[in-house]
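Everything below concerns the one structure shown next.
The values are calculated or read from the model by the stated rules, or taken from the named source; none is laboratory data. Keep in mind it's a predicted model, so treat the numbers as computed, not measured. Cβ placement follows ideal geometry from the backbone for every residue including glycine, while neighbour counts extend to all protein chains displayed.
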Amino acid sequence: MPKTVILHLTGEDPLLADIDQEPQPGDLFIKVTNMRKRDGKPVPYLAAGVQAVIFPWHRITFIELMPSEEERSQVIDFFRQ
């Protein structure tokens, strides 16, 4: 099942994407699918119909792994009143 990530590329706004598995320390690149802006709009520099994009690690500043709905239900959020 794909996992949603926030991909921070060097010199660009963060993007949402899906990955099939978490990156491993020995990986040279990351393959993402369903790339979109954080507001859900398409990424303007991708051609129509692109299914996957492969990024080398030197283009990536960092990646935020978002919890799935199942994982989110198990996490206790703290809040202030």
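Listed by first and then second residue, the pairs with beta-carbon distance under 9 Å, at least 6 apart or on different chains, first residue in the range 52-68 and within 14 Å of T10 (Cα to Cα), second part of a loop (DSSP other than H, G, I, E, B) and of a type in the set (V, I, T), are H58/T10; R59/T10; I60/T10; T61/T10. Restricting attention to the range 56-81, the residues that are modelled with pLDDT under 80 and exposed (fewer than 10 other Cβ atoms within 10 Å of the Cβ) total 11. Hey, can you tell me all the residues within the range 19-28 that are surrounded by 12 or more Cβ atoms within 10 Å (Cβ to Cβ) and either among the aliphatic types (A, V, I, L, M) or at pLDDT 95 or above (or both)? The answer is I19, and nothing else. Might you check whether a residue that is touching a Leu at 6+ places or on another chain (Cβ under 7 Å) and at negative phi occurs anywhere in the range 44-52? No, the range 44-52 contains no residue that is touching a Leu at 6+ places or on another chain (Cβ under 7 Å) and at negative phi. Return a yes/no flag: does the range 1-12 have any residue that is touching a residue at least 12 places away in the same chain (Cβ under 8 Å), assigned to a loop (DSSP other than H, G, I, E, B), out of contact with any Ser or Thr (no Cβ under 9 Å at 6 or more places or on another chain) and not β-branched (V, I, T). No, the range 1-12 contains no residue that is touching a residue at least 12 places away in the same chain (Cβ under 8 Å), assigned to a loop (DSSP other than H, G, I, E, B), out of contact with any Ser or Thr (no Cβ under 9 Å at 6 or more places or on another chain) and not β-branched (V, I, T).
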